[in-house]
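Contents: one structure, followed by commentary.
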Amino acid sequence: MRIFRILLTYEWLNFRKDRGLQLLTVLTLVAGLYGIYYGTTEVERQRNNIEALDLLTEQNVEEMKEKFPGEADAGDIGYYHSTFAVHHPDSWAGLSLGQRDVNPFYIKLRLLNLQSQLYDTENVNPLKVLAGNFDLAFVLVYLFPLLIIALSFNILSVEKEQGTLPLLLSQPVSLPLMVGAKLSFRLLLVLGLALLLSVVAMVWARVSPDARVTLWLAVVVLYCLFWFGVAFLVAALQKNSAFNAISLLGIWLLLAIVIPALLNVYVSVKQPVPQALALTIKQREVVHGGWDKPKQETLQQFFARYPQYTDTTEIKERFVWRWYYAFHQLGDMAVEDLASDYLHSLQARYDMVQQLNVLSVPVNVQGIFNAVAASDLPAHLGFLQSATDYHTSLREFYYPFLFNQVPFTHADFAVEPRHSFTASPDYGVGLNGIFKLGISVLLVYVVGLLLFRARSAT
Amino acid sequence: MVKSIAKKEFISTLRDSRFMVLSAAVLLLLLAATIVGLHSYKQQQAERELAQTTVNEQFANAADRHPHRMAHFGSFAFRPKSSISFLDFGLDSFTGASVFLEAHRQNSANFSQAQQSASLIRFGEMTVAFVLQMLLPLLIIFLCFGAFTQEKETGTLKLLLSQGVSLRQAAWAKVLGYSQVVALVVAPSLVLASILLFSAGGFEPASNALLRMLLFVVFYLAYFFIFIVLSVVVSALHQRSSTALVTLLAIWISCCIFVPKATANLGATLYTTPTKAQMDADVHEEVAKGIDGHNEQDERAEALKQELFKKYGVNSLEELPVNFDGIRMAAGEEHSSHVYQEHFDELTEVFEKQNSISVYAGLLNPYLAVRHLSMGMAGSDFEHYIHFQNKAETYRYNLAQGLNNIQATRLQYGDKTTRLSNSTWKEFEPFRYEVPGTGWALCNHVVSVVALLFWLLLVCVGGFKLIENINVV
């Protein structure tokens with residue numbers, strides 16, 4: 001134990017002399033802090049933008065009141081008035097932004113058919129989203145492994161190359177103890193940095209202090225352990241520094257870039273989603289076909305869904321709103337199957353990734369982070385479902401005015417339903433992921449130890 | 001002498017089994033990326049072509065309708081993929097594929113690949129460009145890091161120099177030798193890609209595709225050359241192979257991983273993107289100050305009416321030789337489209353400002369320069385996306401105005417019921433998108449071209465100057 005401590009102290013002295021490593025550590029710290037700053041400001045921006053939507057709705061209501069003084073036809077209101085379905089970021093979203101920049105965080109809705117409104121996108125700079133988010137998750141998943149590699153690619157080989165290894169081993173120090181001490185020192189340094197950044201991020205973002213704190217920290221520790229395990233494994237081969245550096249970077253490249261890219265190809269080929277374009281074309285055809293069909297036919301179909309409004313009196317006018325909204329409703333009903341197919345295919349894509357992520361630890365860890373922060377595809381699908389439900393509730397709010405032909409008054413705006421949605425974290429994915437991560441960590445250390453044994457034996 | 005050194009480097013690299021394994025892996029990935037890219041290109045292109053044909057037929061064969069009903073029925077523009085885009089998906093996976101084109105309203109481009117994917121897509125896509133931009137430099141680093149350090153470590157550098165070769169000549173020879181090796185690795189895949197490109201046949205003229213492909217290859221060759229010289233220079237500046245390697249890997253990480261993301265994020269932080277909701281509200285407010293096509297009591301409509309009365313010397317709308325409904329609609333459309341276009345241009349400007357950080361960072365980082373050029377040639381960059389959006393908007397505007405004109409000339413004032421025969425709709429040309437010429441694409445990336453040239457000059461002049469002055473002990 002005393003020797004172990006001496007070795008640690010020696011490593012500390014070495015580190016204090018090595019400007020390069022210090023620079024790298026400071027750079028990682030700065031990158032981490034920038035990641036935290038970027039993530040939290042991005043979420044703050046989204047929050048502010050969501051807040052501004054309330055004002056837009058208010059202005060719209062004022063405009064409606066001005067445009068339709070006194071009692072109005074609910075049909076006019078449904079056509080000109082718009083509200084928003086909003087997807088609030090979770091308090092953890094700033095740590096791992098996931099797909100929150102690609103998918104819109106609000107949807108502008110009118111009483112018209114839903115399917116022509118549900119998939120509208122937000123103003124997004126494609127070059128920016130291609131480059132991706134520089135959030136804490138990126139720093140932890142991508143950059144920390146590189147720091148670990150830089151710190152430990154030559155733990156054993158450098159002693160050999162400088163000729164200090166025989167000198168060291170002539171002391172009462174065993175090889176595994178020496179490697180263990182060197183790795184421990186670096187582990188302490190890296191873990192200290194990673195945990196410090198995580199805690200800073202949690203405080204900065206004012207996350208809700210629940211079980212996710214433990215989950216996040218545990219994942220960070222295990223992930224760093226995994227990469228040290230990989231470094232240990234490569235060191236066990238006892239090759240020269242250049243070989244180690246290339247191999248470690250090669251493994252990083254494979255796990256963090258090449259395998260994910262191949263997985264992405266595999267998933268999109270295996271699980272295509274052709275429904276989107278078909279759906280958007282079909283709903284338009286049905287909605288606009290409504291103008292050309294006999295009014296009674298449209299209404300009969302509509303009353304099958306909403307029997308409470310059944311009314312057999314024939315519409316004589318060229319145009320009435322209730323008929324107009326009925327064929328908009330029919331447009332949605334015509335593509336109900338396609339729409340649910342589409343959302344299910346997207347979910348199936350996500351599920352497929354969850355199964356295949358055993359092939360790449362970084363993909364698994366990014367998945368855990370996104371699940372914890374509720375910022376991945378399922379969160380957006382949840383939002384789409386919630387927005388759909390909201391649109392239904394808007395219909396249920398307006399239909400009595402339309403079909404019972406009740407005038408819409410200014411006071412009715414106040415009781416119109418409003419929408420708010422926050423996706424909940426997916427603990428299932430988190431726990432499943434941490435289980436897989438644990439196995440990966442175990443695996444690298446076992447293989448590393450076996451290799452060390454085999455090497456020392458020969 | 002230079003030739004024999006180059007030959008020696010070439011042959012000894014081919015004898016190195018580790019290098020052969022790595023380059024075989026890269027070659028395999030390149031071939032896989034080519035085939036995968038072509039597959040997904042064909043799949044998406046087929047989907048979009050089918051969708052476009054469907055909506056074109058729907059428009060041409062629509063029922064007998066009132067022209068303004070038809071303007072609301074509208075059409076769709078599906079973005080066709082440029083034929084070289086299978087080599088570099090670029091922004092295509094992050095931009096929408098379909099725009100609904102209707103009267104009075106400009107809709108967003110929806111259904112991007114990224115929105116239909118889990119966050120896995122953010123790890124990057126397996127394309128030829130990805131292999132060429134990220135992995136090839138790594139292979140080059142591996143190939144060249146020992147160029148001088150190995151000779152120093154074994155003491156052969158002094159021997160070499162004693163033969164009367166200058167350091168500069170030796171460096172050139174090594175660069176030459178390594179260039180041949182790199183050419184050997186990338187050539188098969190680029191040749192295959194070219195054959196596939198021209199056998200598959202795109203929707204754009206072959207000459208445009210050929211020119212784009214040619215420039216695509218040239219830019220990448222320049223990029224590889226920069227990395228080769230850079231690696232040789234770094235190797236010459238170091239005494240030990242391992243430190244040279246670590247330096248080069250650090251350069252690679254910062255150029256290919258760190259800086260691209262940092263600059264894009266910095267751009268977004270510096271210039272705030274307005275939300276679509278806010279933009280739509282602003283457009284709506286400004287449009288409301290102008291003429292409203294659907295509002296007969298509008299003051300500006302009244303002014304327009306008086307103007308027409310004066311022009312035709314009549315006193316009532318019924319006497320006008322043209323249908324005032326159509327005229328009013330056209331005036332409204334003109335006004336609202338003008339306002340929208342202004343706001344859209346402002347938004348584009350914000351995006352361009354955000355992107356300019358990455359573009360100018362190309363002067364510090366050749367990876368960024370070649371990435372922009374690669375996307376530009378592949379037709380998957382930001383400018384091509386905006387070009388498509390503008391073409392779609394122009395088509396939408398002309399369609400709406402064409403139908404307004406029909407309403408103005410073929411229908412009576414106040415007529416909301418007449419349905420024109422469906423042969424009327426066949427007068428309209430369907431939406432057709434053509435990828436702009438190579439010259440246009442290149443002009444968007446002048447800074448990146450300059451950056452690449454600057455880097456070539458820097459490594460060739462500055463780099464070799466550094467090599468000349470190294471200390472050979």
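Consider region B:13-57 and keep the residues that are more than 27 Å from residue A:243 (Cβ to Cβ) and among the basic types (Lys, Arg). The one that is farthest from the other protein chains (Cβ to nearest Cβ) is B:42. Just wondering, is there one or more residues in region A:360-376 that are touching a residue at least 40 places away in the same chain (Cβ under 8 Å), β-branched (Val, Ile, Thr) and surrounded by fewer than 19 Cβ atoms within 10 Å (Cβ to Cβ)? Within region A:360-376 (the criterion being touching a residue at least 40 places away in the same chain (Cβ under 8 Å), β-branched (Val, Ile, Thr) and surrounded by fewer than 19 Cβ atoms within 10 Å (Cβ to Cβ)), the answer is no, since none of the residues qualifies.
Among the criteria (1) buried (at least 21 other Cβ atoms within 10 Å of the Cβ); (2) more than 29 Å from residue A:443 (Cα to Cα); (3) at pLDDT below 95, the one residue A:168 does not fulfil is (1).
Condition first: acidic (Asp, Glu) and surrounded by fewer than 23 Cβ atoms within 10 Å (Cβ to Cβ). Now tell me which residues in region A:111-149 satisfy that.
A:120, A:122
Scanning region A:369-386 for residues that are more than 11 Å from chain B (Cβ to nearest Cβ) and part of a helix (DSSP H, G or I), we see that the one that is nearest to residue A:427 (Cα to Cα) is A:372.
Just wondering, is there one or more residues in region B:239-254 that are closer than 15 Å to residue B:148 by Cα, part of a loop (DSSP other than H, G, I, E, B) and either small (Gly, Ala, Ser) or within 12 Å of another protein chain (Cβ to nearest Cβ) (or both)? Yes, that holds for at least one residue. When region B:82-96 is filtered for residues that are more than 7 Å from chain A (Cβ to nearest Cβ) and either surrounded by fewer than 24 Cβ atoms within 10 Å (Cβ to Cβ) or of a type in the set (Gly, Ala, Ser) (or both), the ones remaining, listed by number, are B:82, B:83, B:85, B:90, B:93. Please determine whether any residue of region B:267-275 is part of a helix (DSSP H, G or I), buried (at least 19 other Cβ atoms within 10 Å of the Cβ) and either touching a helix residue (DSSP H, G or I) at 6+ places or on another chain (Cβ under 6 Å) or modelled with pLDDT of 95 or more (or both). Yes, because at least one residue in region B:267-275 is part of a helix (DSSP H, G or I), buried (at least 19 other Cβ atoms within 10 Å of the Cβ) and either touching a helix residue (DSSP H, G or I) at 6+ places or on another chain (Cβ under 6 Å) or modelled with pLDDT of 95 or more (or both).
For (1) modelled with pLDDT under 90; (2) part of a helix (DSSP H, G or I); (3) more than 14 Å from chain B (Cβ to nearest Cβ), each residue gets a yes or a no:
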site	(1), (2), (3)
A:282	no, yes, no
A:299	no, yes, yes
A:318	yes, no, no
A:328	no, yes, no
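Among the criteria (1) under 20 Å from residue A:105 (Cα atoms); (2) at the interface with chain B (Cβ under 10 Å from one of its Cβ atoms), the one residue A:356 does not fulfil is (1). Of the residues A:152, A:91, which is polar (S, T, N, Q), surrounded by 23 or more Cβ atoms within 10 Å (Cβ to Cβ) and touching a helix residue (DSSP H, G or I) at 6+ places or on another chain (Cβ under 9 Å)? The conditions single out A:152.
Residue A:108 meets each of the listed conditions (1) surrounded by fewer than 24 Cβ atoms within 10 Å (Cβ to Cβ); (2) part of a loop (DSSP other than H, G, I, E, B); (3) within 7 Å of chain B (Cβ to nearest Cβ) apart from (2).
Can you name the residue in region B:411-426 that is in contact (Cβ under 8 Å) with a residue 40 or more places away in the chain and part of a helix (DSSP H, G or I) and, of all such residues, is surrounded by the most Cβ atoms within 10 Å (Cβ to Cβ)?
B:425
Screening region A:155-165 for residues that are assigned to a helix (DSSP H, G or I) and within 14 Å of chain B (Cβ to nearest Cβ) and picking the one that is surrounded by the most Cβ atoms within 10 Å (Cβ to Cβ) gives A:157. Residues in region A:266-280 that are closer than 30 Å to residue A:363 by Cα and part of a helix (DSSP H, G or I): A:266, A:267, A:268, A:269, A:270, A:275, A:276, A:277. Of all residues in region B:255-288, those satisfying the criterion of being within 7 Å of another protein chain (Cβ to nearest Cβ) and closer than 30 Å to residue B:329 by Cβ are B:274, B:275, B:276, B:277, B:278, B:279, B:281. The set of residues from region B:110-151 being among the small types (Gly, Ala, Ser), more than 7 Å from chain A (Cβ to nearest Cβ) and under 29 Å from residue A:265 (Cα atoms) comprises B:112, B:129.
How many residues are out of contact with any Asp or Glu (no Cβ under 6 Å at 6 or more places or on another chain) and outside any helix (DSSP H, G or I) if we restrict to region A:387-421? Here the count works out to 12.
Checking each residue in region B:128-187 for being of a type in the set (Gly, Ala, Ser), outside any helix (DSSP H, G or I) and within 16 Å of residue B:471 (Cβ to Cβ) picks out B:155, B:166. Of the residues contained in region B:65-76, one or more are found to be assigned to a strand (DSSP E or B), surrounded by 23 or more Cβ atoms within 10 Å (Cβ to Cβ) and under 23 Å from the mean Cα position of the chain (by Cα).
Residues in region B:444-473 that are exposed (fewer than 13 other Cβ atoms within 10 Å of the Cβ) and under 27 Å from the mean Cα position of the chain (by Cα) were compared, and the one that is farthest from residue B:165 (Cα to Cα) is B:446. Where helices (runs of 4 or more DSSP H) fall wholly inside region A:1-85, the ranges with 2 or more residues that are surrounded by fewer than 17 Cβ atoms within 10 Å (Cβ to Cβ), more than 11 Å from chain B (Cβ to nearest Cβ) and out of contact with any Lys or Arg (no Cβ under 7 Å at 6 or more places or on another chain) are A:2-17, A:19-67. Just checking, does region B:221-236 include any residue being surrounded by fewer than 18 Cβ atoms within 10 Å (Cβ to Cβ), out of contact with any Gly (no Cβ under 6 Å at 6 or more places or on another chain) and either outside any helix (DSSP H, G or I) or more than 12 Å from chain A (Cβ to nearest Cβ) (or both)? Yes, region B:221-236 contains at least one residue that is surrounded by fewer than 18 Cβ atoms within 10 Å (Cβ to Cβ), out of contact with any Gly (no Cβ under 6 Å at 6 or more places or on another chain) and either outside any helix (DSSP H, G or I) or more than 12 Å from chain A (Cβ to nearest Cβ) (or both).
Of all residue pairs spaced 6 or more apart or on separate chains, those with beta-carbon atoms under 6 Å, a first member in region A:274-303 that is among the charged types (D, E, K, R) and a second member that is in a helix (DSSP H, G or I) are A:295/A:323.
When restricted to residues that are over 25 Å from residue B:173 (Cβ atoms), of a type in the set (Gly, Ala, Ser), buried (at least 19 other Cβ atoms within 10 Å of the Cβ) and out of contact with any Phe, Trp or Tyr (no Cβ under 7 Å at 6 or more places or on another chain), region B:237-266 contains 1.
Looking at region A:173-265, the helices (runs of 4 or more DSSP H) lying wholly inside it that each contain 2 or more residues that are buried (at least 20 other Cβ atoms within 10 Å of the Cβ) and under 19 Å from the mean Cα position of the chain (by Cα) sit at A:175-205, A:211-236.
Kindly evaluate residue B:197 against the criterion of being surrounded by fewer than 21 Cβ atoms within 10 Å (Cβ to Cβ) and away from chain A (no Cβ under 14 Å). It is false that residue B:197 is surrounded by fewer than 21 Cβ atoms within 10 Å (Cβ to Cβ) and away from chain A (no Cβ under 14 Å).
The values are calculated or read from the model by the stated rules, or taken from the named source; none is laboratory data. Everything numeric in this text was worked out from a predicted model, so none of it was measured. Using ideal geometry, Cβ is built from the backbone for each residue, glycine included, and neighbour counts are taken over all protein chains shown.
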